[in-house]
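Everything on this sheet refers to the single structure shown next.
The values are calculated or read from the model by the stated rules, or taken from the named source; none is laboratory data. Treat the numbers as computed from the prediction; the structure is a model and nothing was measured. When we count neighbours, we look across all protein chains shown, and the Cβ atoms used for this are built from the backbone with ideal geometry, even at glycine.
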Amino acid sequence: MSLTTLRYRLEPYSGSKSRFTCPSCGRPREFSRWVDTQTGNYLPDSYGICNRADSCGYSLSPYQKGERGARGDILEHHHIQAQAIRNCPKMPLSYPTKTICSIPVEVMEQTLGQYDKNNFALLLQRHFGCGEADSLLQRFEIGTSRHWPGATIFWQRDVEGLVRGGQVVLFDEKGHTAKAVCADGSLRRCTTWVHAAYAKACRKHGKLYPSWLVDYLDPANEVKKSPSLYGLPQVLGDSPGRAVAIVEAPKTAILCTAYMPSLSWVAVGSLTYLNAERLRPLKSRRIVLYPDASSNGTAYSKWLRQAELLRYSGFQIEVSSLLERRATAEQKAAGIDLADVLLSRWPGYPPSWDC
């Protein structure tokens, strides 16, 4: 059975309103719900998957046990209710056409510099020298943000080249995501999105939102911050015969490009974002997945299962067991990725790479 004929599917991300509170861990905006494609309705509240795959891992699928799903009685009741609703007389409805919003290229271009104030750019220079670092900064259009001193922007372009969003991340000197101490003493990862950072800066300085930001924040518009693979336009410009390697994080894709240039590296953005919709532009390419290490091999197992589904849809895809075989129990518990391993073992760079 192909993915297009499945009755149920997880709701694609279309903003914070498409994510709910996980019934297991209680975290808000982390729960993806299953949708009945025949009715367009959600399945009961318990059906879905927590995006915090490593730390929570809650998942209830209608396909878990047999053809009728994990709880056939609940689904049957759900379908009876849905049928009753469909049989009621309906008034014709008109829906406004949703506009696909993007960020102006000029906004992105204004961030392509000031790399002496960008912690990630400085890390690239320390490890590879200025020449290789400049090549990576240009290839991936890496931006600098003032949201946090030293922060980096990973711009998200779609297959048409539109700037659909930008992830803002603050790294420490070792290349790990920095954490800030909240008022209650808890730690918060220093990550956000360009539109959120831009809106906060406007409010802070008493400025009006620019028109693109007004449209971008309008809930009536179709806005997906990361609808495609990070680095997709760059990969599509490479030789079609070159295999594509997929990792979770943009940082990892960038670093691996320098270490293993025989592959074209992209990032999917999250363990749970690997799906046919995002990978569709690469359907004619050979794909190798490099999942992060995780406790009990959950990340590796999840991508193995997803790769099998994608192969049924015609993708040429395999999963590397490199980290699964070589990572220690401590490293798996820490959830290391290829970038962590490569940075910790890098002995230095050739003198010819010096600035």
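Please enumerate the residues belonging to segment 120-169 that are closer than 23 Å to Pro261 by Cα and either in contact with a Cys (Cβ under 7 Å, 6 or more places away or on another chain) or of a type in the set (S, T, N, Q) (or both). The answer is Gln125, Gly129, Cys130, Ser135, Gln138, Thr152, Gln156. Residues in segment 158-181 that are of a type in the set (A, V, I, L, M) and either part of a strand (DSSP E or B) or more than 23 Å from Cys101 (Cβ to Cβ) (or both): Val163, Val168, Val169, Leu170, Ala178, Ala180, Val181. Taking the condition of being among the hydroxyl-bearing types (Ser, Thr, Tyr) and either in contact with a strand residue (DSSP E or B) (Cβ under 6 Å, 6 or more places away or on another chain) or at pLDDT 90 or above (or both), how many residues in segment 274-295 meet it? Residues meeting the conditions: 2.
Which residues, taken from segment 127-152, are among the hydrophobic types (A, V, I, L, M, F, W, C) and not in a strand (DSSP E or B)? Selection gives Phe128, Cys130, Ala133, Leu136, Leu137, Phe140, Trp148. Among the residues of segment 218-272, those that are among the hydrophobic types (A, V, I, L, M, F, W, C) and surrounded by fewer than 18 Cβ atoms within 10 Å (Cβ to Cβ) comprise Ala220, Leu236, Ala243, Met260. Condition (residue is buried (at least 16 other Cβ atoms within 10 Å of the Cβ) and out of contact with any helix residue (DSSP H, G or I) (no Cβ under 9 Å at 6 or more places or on another chain)) applied to segment 199-209: is it met by at least one residue? Within segment 199-209, none of the residues are buried (at least 16 other Cβ atoms within 10 Å of the Cβ) and out of contact with any helix residue (DSSP H, G or I) (no Cβ under 9 Å at 6 or more places or on another chain). Scanning segment 158-177 for residues that are acidic (Asp, Glu) and modelled with pLDDT under 90, we see that the one that is farthest from Leu232 (Cα to Cα) is Glu173.
Condition first: over 18 Å from Ser344 (Cα atoms), among the aromatic types (Phe, Trp, Tyr) and either outside the structural domain of Arg139 (by TED's automatic domain parsing) or touching a helix residue (DSSP H, G or I) at 6+ places or on another chain (Cβ under 7 Å) (or both). Can you find one or more residues in segment 247-264 that meet it? So far as segment 247-264 goes, no, none of its residues is over 18 Å from Ser344 (Cα atoms), among the aromatic types (Phe, Trp, Tyr) and either outside the structural domain of Arg139 (by TED's automatic domain parsing) or touching a helix residue (DSSP H, G or I) at 6+ places or on another chain (Cβ under 7 Å) (or both).
Checking each residue in segment 199-214 for being free of Cβ contacts under 8 Å to residues at least 40 places away in the same chain and assigned to a helix (DSSP H, G or I) picks out Ala199, Cys202, Arg203, Lys204, Ser211, Leu213, Val214. For segment 109-125, the set of residues classified as closer than 19 Å to Thr252 by Cα and exposed (fewer than 15 other Cβ atoms within 10 Å of the Cβ) is empty. For segment 197-250, filtered to residues that are closer than 30 Å to Ser264 by Cβ and among the polar types (S, T, N, Q), the residue that is farthest from the chain's Cα centre (by Cα) is Ser239.
Residues in segment 24-51 that are out of contact with any Ser or Thr (no Cβ under 9 Å at 6 or more places or on another chain) and not polar (S, T, N, Q): Gly26, Val35, Asp36, Gly40, Tyr42, Leu43, Pro44, Asp45. Among residues that are in contact (Cβ under 8 Å) with a residue 24 or more places away in the chain and under 17 Å from the mean Cα position of the chain (by Cα), Trp193 is included. Every test in (1) part of a strand (DSSP E or B); (2) at pLDDT below 95; (3) in contact with an Asp or Glu (Cβ under 7 Å, 6 or more places away or on another chain) is passed by Trp155 save one, and that test is (2).
Note on segment 296-337: residues that are touching a strand residue (DSSP E or B) at 6+ places or on another chain (Cβ under 8 Å), at pLDDT below 90 and of a type in the set (A, V, I, L, M) total 0. Do you know which residues across segment 19-30 are under 15 Å from the mean Cα position of the chain (by Cα) and either surrounded by 14 or more Cβ atoms within 10 Å (Cβ to Cβ) or more than 23 Å from Trp193 (Cα to Cα) (or both)? Listed by number, the residues that qualify are Arg19, Glu30.
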